[in-house]
1. Check off (1) part of a helix (DSSP H, G or I); (2) in contact with a helix residue (DSSP H, G or I) (Cβ under 7 Å, 6 or more places away or on another chain) for residue 61 and give me the number that stays unchecked.
2. Out of everything in the stretch 87-103 that is out of contact with any Leu (no Cβ under 9 Å at 6 or more places or on another chain) and outside any helix (DSSP H, G or I), what residue ends up being surrounded by the fewest Cβ atoms within 10 Å (Cβ to Cβ)?
3. Check 28, 128 and return the single one that is of a type in the set (A, V, I, L, M, F, W, C) and touching a Phe, Trp or Tyr at 6+ places or on another chain (Cβ under 8 Å).
4. Taking the condition at pLDDT below 95, under 26 Å from residue 21 (Cα atoms) and surrounded by 12 or more Cβ atoms within 10 Å (Cβ to Cβ), does residue 110 pass?
5. Which residues, counting only those in the stretch 68-86, are of a type in the set (A, V, I, L, M, F, W, C) and not in a helix (DSSP H, G or I)?
6. Please enumerate the residues belonging to the stretch 55-75 that are surrounded by fewer than 17 Cβ atoms within 10 Å (Cβ to Cβ) and either in contact with a strand residue (DSSP E or B) (Cβ under 7 Å, 6 or more places away or on another chain) or of a type outside the set (Ser, Thr, Tyr) (or both).
7. Identify all residues within the stretch 69-82 that are of a type in the set (Lys, Arg) and more than 17 Å from the chain's Cα centre (by Cα); write none if there are none.
Amino acid sequence: MDIQSRKNKKTNQRGFNCTMNKEISVAFINPKVKQEWEALKEGKFEDKQLYKFIDRAIDDLKANPTCGIKIPKSLWPKEYVQKYGITNLWKYDLPNAWRLIYTIESDEVRIANIILEWFDHKEYEKRFKY
């Protein structure tokens, strides 16, 4: 996984920065997904726009890993569970009805948001059988 990270900082009562114990990072589930995202940057106008939407989502996820909408387990595609062994699933609504799907993993020192994929609303409905 390729990881982009940042330390989550808060200001204490006296105005001094203090670092929380956990580092927050964003990664792609595999190199292919990261390459697809990077390729958007060089694509046509709509692709470049989608690249910017996802880039903004990455910034938002670094600031707040749970800023998306938690998807109930009963709606998880079996493919995600079988292929990735997920224990939670989140949706981040992008502009123009695009959806970014991610999961969160954490341990004592780190929170990792892992991007699984993104798609337009029509593909999202197919994947989640709406």
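1. Among (1) part of a helix (DSSP H, G or I); (2) in contact with a helix residue (DSSP H, G or I) (Cβ under 7 Å, 6 or more places away or on another chain), residue 61 violates only (2).
2. 87
3. Working: 128 fails: touching a Phe, Trp or Tyr at 6+ places or on another chain (Cβ under 8 Å).
Result of the check over 28, 128: 28.
4. Details: at pLDDT below 95: yes; under 26 Å from residue 21 (Cα atoms): yes; surrounded by 12 or more Cβ atoms within 10 Å (Cβ to Cβ): yes.
Yes, satisfied.
5. Taking the stretch 68-86 and keeping what is of a type in the set (A, V, I, L, M, F, W, C), we get 69, 71, 75-76, 81, 86.
69, 71, 76, 86, listed by residue number.
6. In the first step, residues of the stretch 55-75 are kept if they are surrounded by fewer than 17 Cβ atoms within 10 Å (Cβ to Cβ); the result is 55-56, 59-60, 63-64, 66-67, 69-70, 72-75.
If the condition is that a residue be surrounded by fewer than 17 Cβ atoms within 10 Å (Cβ to Cβ) and either in contact with a strand residue (DSSP E or B) (Cβ under 7 Å, 6 or more places away or on another chain) or of a type outside the set (Ser, Thr, Tyr) (or both), then 55, 56, 59, 60, 63, 64, 67, 69, 70, 72, 73, 75 are the ones that fit.
7. Those that are of a type in the set (Lys, Arg) and more than 17 Å from the chain's Cα centre (by Cα): 73, 78.
Residues are listed down the side, and each one gets a yes or a no for (1) over 15 Å from residue 75 (Cα atoms); (2) in contact (Cβ under 8 Å) with a residue 12 or more places away in the chain; (3) within 8 Å of the chain's Cα centre (by Cα):
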residue: 89; (1), (2), (3): no, yes, no
residue: 96; (1), (2), (3): yes, yes, no
residue: 102; (1), (2), (3): no, yes, yes
residue: 109; (1), (2), (3): yes, yes, no
residue: 112; (1), (2), (3): yes, yes, no
residue: 119; (1), (2), (3): yes, yes, no
residue: 125; (1), (2), (3): no, no, no
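The values are calculated or read from the model by the stated rules, or taken from the named source; none is laboratory data. Everything numeric in this text was worked out from a predicted model, so none of it was measured. Because the Cβ atoms are built from the backbone with ideal geometry, glycine has one as well, and the counts that use them run over all protein chains shown.
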